[in-house]
Amino acid sequence: MDPMYLTILLVAGGIILLAVFFHYVPFFLWLSAKVSGVNISLVQLFLMRIRNVPPYVIVPAMIEAHKAGLNTITRDELEAHYLAGGRVEKVVHALVSASKANIELSFQMATAIDLAGRDVFQAVQMSVNPKVIDTPPVAAVAKDGIQLIAKARVTVRANIRQLVGGAGEDTILARVGEGIVSSIGSSVNHKSVLENPDSISKLVLKKGLDMGTAFEILSIDIADIDIGKNIGAALQIDQANADKNIAQAKAEERRAMAVASEQEMKAKAQEARAKVIEAEAQVPQAMAEAFRSGNLGIMDYYRMKNIEADTSMRETIAKPPTHTGKPLG
């Protein structure tokens, strides 16, 4: 075999072996840990690779914790948290920040908060620097029927002990909105609210709205109040329109009943008139039968006719005269 070719193969093989060695045994990372005062061996770094734990995540976290004086945090705890799906860097950053700010935060609580899906480092920062949450416009109606639209600013800080299982910002906003509605609704009129908007803040703060949440409410400030609609007047107008419609419906019902009654009476009158006409049609037949049977004589017939003529004349005289508009004479 050509010596030059053999030399190239040996060099390539050496490079591959060195790459594999430094991959599984991060020598320079071990050297950085030793220089920083972190006690860790090359064998432990190799075993991290075997356990699929990245040394470049664990070792820098150990160095940061050691430099911050958090010597109680062990390598096994960091590896266990990483294997559980936690964010090791966030947890160590949070522990260092809490230690510098004199906030009581244990490693177990920090990992529990992180595994619960919350940003533990941001929570520690919020404990030091409170956060301001702007509520959406909240509409409420005072006792005099005037609608008020209020906006509030809620200053909160994280409650470390309540981060696991505690409610979030949406619950805070919902409770503050409910408190504003209750406070305005209990006011005698809208003018008293406009004159003393801080009364809303005081009443809302007394309700303990941060109970069971991951935050502690420091203050509630009313940023703006606008006058909305006159809800009381609108409700009265709607009620009046409803009463008017009901009255119209009842009047229409009575009119329909009257029309139906009139039609019924007309039908009965037509029926009675038909019976009269039918009875009058039978009179000549009855008179003819009376003539044939001898129950009615000719003198009786003439006497009856005279009575009818006399009755007709009396009815004519009794009627008032009708004016046709023509001159007399």
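At-a-glance table
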item	result
Helix-only CD estimate at 222 nm, as mean residue ellipticity for the chain, using -39500 (n - 2.57) per DSSP H run (n ≥ 4)	-21000 deg cm²/dmol
Neighbour net charge for residue 106 - beta-carbon separation under 14 angstrom, K R +1, D E -1	-2
Highest to lowest packing among 135-144, 55-64, scored as the average C-beta count within 10 Å	55-64, 135-144
Region 81-189 - convex hull of the alpha-carbon atoms, volume per residue in Å³	102 Å³
Size descriptor, Kirkwood hydrodynamic radius, that averages inverse alpha-carbon separations across the chain, Å	31.3 Å
Computed over region 182-329: relative contact order in percent, which uses C-alpha pairs under 8 Å that are six or more apart	10 percent
Inter-part distance where region 62-91 and region 226-247 are each reduced to a Cα centre, Å	66 Å
Region 196-225 versus region 148-170: alpha-carbon centroid distance in Å	10 Å
Rounded accessible area per residue of region 119-256, 1.4 Å, Å²	57 Å²
Three-way shape label, region 90-134, alpha-carbon gyration tensor, a/c 1.5	oblate
Computed FRET value (nearest 0.05) for residue 182 with residue 223, which takes r as the C-beta separation and R₀ as 25 Å	0.85
Estimated inter-spin distance, residue 43 and residue 234, nm [label 7 Å along Cα→Cβ]	7.9 nm
Environment charge of residue 248, counting only residues whose C-beta is closer than 15 Å and scoring Lys/Arg +1, Asp/Glu -1	+1
By average C-beta atoms within 10 angstrom, highest first, the peptides 105-116, 260-271	105-116, 260-271
Globularity ratio of region 201-289, using Cα Rg and 2.2 N^0.38 Å	3.10
Residues of region 124-141 with amide N under 20 Å of the 7 Å Cα→Cβ point at residue 162	124-136
Selected from 131, 250, 90 as most flexible by GNM, with the chain as the system and alpha-carbon contacts under 10 Å	250
Average Cα contact separation per residue, region 81-231, under 8 Å, 6 or more apart, as relative contact order %	26 percent
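The values are calculated or read from the model by the stated rules, or taken from the named source; none is laboratory data. Since the model is a prediction, treat every value here as computed from it, not as a measurement. Please note: Cβ atoms are built from the backbone with ideal geometry, for glycine as well, and neighbour counts cover all protein chains shown. With ligands, DNA and RNA removed, areas are computed over all heavy atoms of the protein, side chains included. Shrake-Rupley method; radii C 1.70, N 1.55, O 1.52, S 1.80 Å.
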